[in-house]
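Novice: Okay, here's the structure, questions in a sec.
The values are calculated or read from the model by the stated rules, or taken from the named source; none is laboratory data. This is a predicted model, so every value here is computed, not measured. Cβ atoms come from the backbone with ideal geometry, glycine included; neighbour counts cover every protein chain shown.
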C-alpha cells in the first residue's frame, strides 16, 4: 500500500542529499513523520499547506516500513499512518510535483 508525504522543496532536497530525514518541523516536534493515505492527502494539503506552491508529493511503501509505521487516530477520528523513525530515500517509491493552481493543489490522477 502506498502512503503519501507532502514536503516543501527544501525538505525534499534535504532528504535527497542526506538519504534520510526527520521530516518537516511538525514531524520533529511531534516525534514521528506524518503521512496520509490517498484519500486523506488532499485534505492534508488544504489544511497544512494552503496556498503553498513548490511542494513535492512522495509516495512511500507502507508495507516496507514494517513495525516502525503505526496507524493512529488523528483528524476527525480517522486513522493516519505515522512513521516512528526517519524517512529514508529507500522508502520513496516515486515523487511528483504538487502544484498549486491558485485554488487547490493538483494531485496526480493516478496515485498508485
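Novice: Filter the stretch 72-96 down to residues that are without any contact (Cβ under 8 Å) to a residue 60 or more places away in the chain, in a strand (DSSP E or B), touching a helix residue (DSSP H, G or I) at 6+ places or on another chain (Cβ under 7 Å) and more than 14 Å from residue 37 (Cβ to Cβ), then give me how many there are.
Specialist: 0
Novice: Kindly indicate whether residue 28 is surrounded by fewer than 20 Cβ atoms within 10 Å (Cβ to Cβ) and over 14 Å from the mean Cα position of the chain (by Cα). Spell out the reasoning first.
Specialist: Details: surrounded by fewer than 20 Cβ atoms within 10 Å (Cβ to Cβ): yes; over 14 Å from the mean Cα position of the chain (by Cα): no.
In short, no.
Novice: Next question, about the same structure. If you take the residues in the stretch 75-96 that are within 21 Å of residue 26 (Cβ to Cβ) and surrounded by fewer than 15 Cβ atoms within 10 Å (Cβ to Cβ), which one is modelled with the lowest pLDDT? Working first, answer last.
Specialist: First, pick out the residues of the stretch 75-96 that are within 21 Å of residue 26 (Cβ to Cβ): 75-89, 91-92, 95.
Filter once more, keeping what is surrounded by fewer than 15 Cβ atoms within 10 Å (Cβ to Cβ): 75-79, 84, 89.
Details: 75: 78, 76: 86, 77: 89, 78: 90, 79: 96, 84: 98, 89: 97.
So the residue we want is 75.
Novice: Let me ask you something else. Which condition number in (1) under 12 Å from the mean Cα position of the chain (by Cα); (2) surrounded by fewer than 18 Cβ atoms within 10 Å (Cβ to Cβ); (3) more than 20 Å from residue 1 (Cβ to Cβ) is the one that residue 55 fails?
Specialist: (2) is the only condition that residue 55 fails.
Novice: Moving to a separate point now. So the check is Cβ under 8 Å with 6+ separation or different chains; which pairs have a first residue in the stretch 42-54 that's within 10 Å of residue 104 (Cβ to Cβ) and a second one that's assigned to a loop (DSSP other than H, G, I, E, B)?
Specialist: 42/104; 42/107; 45/104; 45/107; 46/104
Novice: Scan the stretch 62-70 and tell me whether some residue there is within 12 Å of the chain's Cα centre (by Cα) and either surrounded by 14 or more Cβ atoms within 10 Å (Cβ to Cβ) or not in a strand (DSSP E or B) (or both). Give the steps one after another, and end with the answer.
Specialist: In the first step, residues of the stretch 62-70 are kept if they are within 12 Å of the chain's Cα centre (by Cα); the result is 62.
Okay, now just the ones that are also either surrounded by 14 or more Cβ atoms within 10 Å (Cβ to Cβ) or not in a strand (DSSP E or B) (or both), so 62.
So far as the stretch 62-70 goes, yes, one or more of its residues are within 12 Å of the chain's Cα centre (by Cα) and either surrounded by 14 or more Cβ atoms within 10 Å (Cβ to Cβ) or not in a strand (DSSP E or B) (or both).
Novice: Please state which one of 69, 57 is touching a helix residue (DSSP H, G or I) at 6+ places or on another chain (Cβ under 8 Å) and at negative phi.
Specialist: One residue alone meets the criteria, 57.
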